[in-house]
Amino acid sequence: MKSGAEFIEEIKEFKPLIYCRGKKVEGFLRHPVLRPIINAAKATYDLAMAPENAELMTTISPLTGERCNLLSALFQSRVELVKTVKLRRWWHNTTGTCTAGRCAGTCVANAIYHCTFLLDREYNTECTERRQDMRGGSNVC
């Protein structure tokens, strides 16, 4: 698991092309409209690392066998899916904001994982294995 500070260090390397209110954004980390979104994403990492939130915000990764942030995890059961819904409700009630796109990212990662699994089963391919090779570190656990 990574901390909010590690997340910020990671995104400092990004070179996004962003326009906000019709103007090109230079220095997206300091932009007054974008900073609250970045802070919300940062908080998802920090709050998951707090011991009092571990039960709600973390799970064991099926890929690494290590504890990971539930917002980065591939669901292994209906129980984990329900846990994620409860986490999102808790998050919205606690912070008054969304998780800065991490919910959508989790949904997409889970959909791709499921589709590659079905392709492998139906056509005897290795899509899931290739997808796991492309995951690029700690973005999905």
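The values are calculated or read from the model by the stated rules, or taken from the named source; none is laboratory data. None of the values given here were measured: they were computed from a predicted structure. Backbone-built Cβ (ideal geometry, glycine too); neighbour counts: all protein chains shown.
Miscellaneous remarks
- All told, Met1 meets the bar of being in contact with a strand residue (DSSP E or B) (Cβ under 6 Å, 6 or more places away or on another chain) and either under 26 Å from Phe75 (Cβ atoms) or surrounded by fewer than 10 Cβ atoms within 10 Å (Cβ to Cβ) (or both).
- Taking the criterion of being surrounded by 10 or more Cβ atoms within 10 Å (Cβ to Cβ) and either modelled with pLDDT of 85 or more or basic (Lys, Arg) (or both), the residues of segment 114-141 that qualify are Leu118, Leu119, Asp120, Arg121, Thr125, Glu126, Arg130, Arg131, Arg135.
- Extreme residue, farthest from the chain's Cα centre (by Cα), among residues of segment 1-30 that are closer than 28 Å to Trp90 by Cβ and of a type outside the set (A, V, I, L, M, F, W, C): Glu9
- Asn53 passes every criterion in (1) at pLDDT 90 or above; (2) touching a Ser or Thr at 6+ places or on another chain (Cβ under 9 Å); (3) not aliphatic (A, V, I, L, M) apart from (2).
- Single residue of segment 20-42 satisfying the filter (among the small types (Gly, Ala, Ser) and modelled with pLDDT of 90 or more) that is surrounded by the fewest Cβ atoms within 10 Å (Cβ to Cβ): Gly22
- Qualifying residues in segment 85-102 (those that are touching a helix residue (DSSP H, G or I) at 6+ places or on another chain (Cβ under 6 Å) and either β-branched (Val, Ile, Thr) or at pLDDT below 80 (or both)) - the one nearest to His114 (Cα to Cα): Arg102
- Every residue from segment 62-85 that is surrounded by 12 or more Cβ atoms within 10 Å (Cβ to Cβ), without any contact (Cβ under 8 Å) to a residue 60 or more places away in the chain and of a type in the set (D, E, K, R): Glu80, Lys83
- From Glu6, Glu13, residue being free of Cβ contacts under 8 Å to residues at least 24 places away in the same chain, of a type in the set (Asp, Glu), surrounded by fewer than 16 Cβ atoms within 10 Å (Cβ to Cβ) and closer than 29 Å to Tyr113 by Cβ: Glu13
- Test: residue in segment 10-22 that is assigned to a helix (DSSP H, G or I) and closer than 27 Å to Ala111 by Cα: yes
- Test: residue in segment 47-61 that is more than 14 Å from the chain's Cα centre (by Cα), surrounded by 13 or more Cβ atoms within 10 Å (Cβ to Cβ) and either touching a residue at least 60 places away in the same chain (Cβ under 8 Å) or part of a loop (DSSP other than H, G, I, E, B) (or both): no
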